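Report on one structure; see the data block that follows.
Throughout, read-outs are computed from the coordinates displayed, never taken from laboratory work. Just so it is clear, the model here is predicted, and its values are computed rather than measured. Here the Cβ positions follow ideal geometry from the backbone for every residue, glycine too, while neighbour counts run over all protein chains shown.
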Amino acid sequence: THNYSGYPLVKQARAMVASGALGTLRKVVVEYTQGWLGTALETSGQKQADWRTDPARAGAGALGDIGSHAEQLARYVTGRRITRLMADVGTVIPGRRVDDDANLLLRYEHGLRGILHCSQVATGEENRINLRVYGSQGSLEWAQEEPNRLLLRPLDGPLQLLTRGSGYLSPEAQRATRLPSGHPEAFFEAFANVYGNALRTIAARVAGETPDPADLDFPTVQDGAIGVHFIETALRSGGEAGSGGHWVDAAYTPPA
C-alpha cells in the first residue's frame, strides 16, 4: 500500500521538489531501521517473525519488508527512478534464512545520487524512516516518527520548520490534511489518504467519468512491480549471502 506516501508533509516535499524549490537535485538519503529482529525471535514462535524470516513466504528479508518502502518513498518524493545500484546485503543473526541488513549506493535518472540503508537488527530502533533530499538551492528532511514536521534548509537562509495543517503548505499537502495544526495526525490517516484517492478513482471510472487528477495520487500495481524489481536487483548485486557488492543495471522496464 505504501502508506508513507499518504502523509501530508511527504506530499508537501514532493510538491516542493516538483516545483523546483530545491533547484537541481543532487542527492537523496533514505533509511528504514528497526531493531525488533536483533535476536533470533523467529525461533520463539512469534508469528510476525516466523513468516517474515521464512524465504518461502516472505521472499526476501529486510530488503523486501522495509527496504521496499524506503525505495518507494525516495522515488515518490524525487520523481526519479533508480538506474544502477551497488548493494551490500547480509544476514547478521546466525541461522537466519533471509537478509536482515542492507546498505546500497544508488544512481537515479538525471544524475541524482543516493544512499539507502535498511536494517532490522539496529538495536533500539523502532520504525525510523528518514528521508533527506539535497538540491542546489536547498534541502528537505522528513522523519516518519515525527511525521507532522518537515525541515527545509535553504541555500542562503535559516532553517525552516514546516508543520502539517498550516495555510502556507501546497494544495497537495492541504488536501491530505484533516485536522488543524498542532493536533497529531499520522499513520492511519496516511492509509486513509491512499484508500480515499483509490476509491474515488474507481468510483469515477465505474460511473464512466474522468477521475479528478488529484485522486490519481496513489500507489499502483506498477509501484509494486518496481519494488519487486528493486529487491531482486539489490539481491543480485549484494548476494543473498552477503558476498556481492558490484554495480548492476537497475532500470525497470514495464512488461509489454
Quiz item: Which of the GluC sites (Glu not before Pro) found in the range 154-237 are loop residues per DSSP with 11 or fewer other Cβ atoms within 10 Å of their Cβ?
Solution: Glu209
Quiz prompt | Relative contact order for the range 148-245, counting Cα pairs under 8 Å that sit 6 or more residues apart, in percent | solution = 15
Quiz item: From the residues Gly23, Ala13, Tyr108, which one has its Cα farthest along the dipole of the chain in the positive direction, the dipole being from +1 and -1 charges on Cβ of Lys/Arg and Asp/Glu about the Cα centre?
Solution: Gly23
Self-check item: the range 3-245, relative contact order in percent, only Cα pairs under 8 angstrom and at least six apart counted
Solution: 28
Quiz item: Out of the range 85-161, which trypsin sites (Lys or Arg not before Pro) are coil in DSSP terms and have no more than 16 other C-beta atoms within 10 Å?
Solution: Arg97
Self-check item: ³J(HN,Hα), Karplus 6.51/-1.76/1.60, whole Hz, each residue of the range 98-105, x for Gly, Pro
Solution: 10, 5, 10, 7, 8, 9, 10, 9
Quiz item: For the range 66-71, what does the Karplus curve 6.51 cos²θ - 1.76 cosθ + 1.60, with θ = phi - 60°, yield as ³J(HN,Hα) per residue in whole Hz, taken in order and with x for Gly and Pro?
Solution: 10, x, 5, 5, 4, 4
Quiz item: In terms of modelled amide H atoms, which long-range or inter-chain residues lie less than 5 Å from the amide H of Thr83?
Solution: Arg107, Tyr108, Glu109
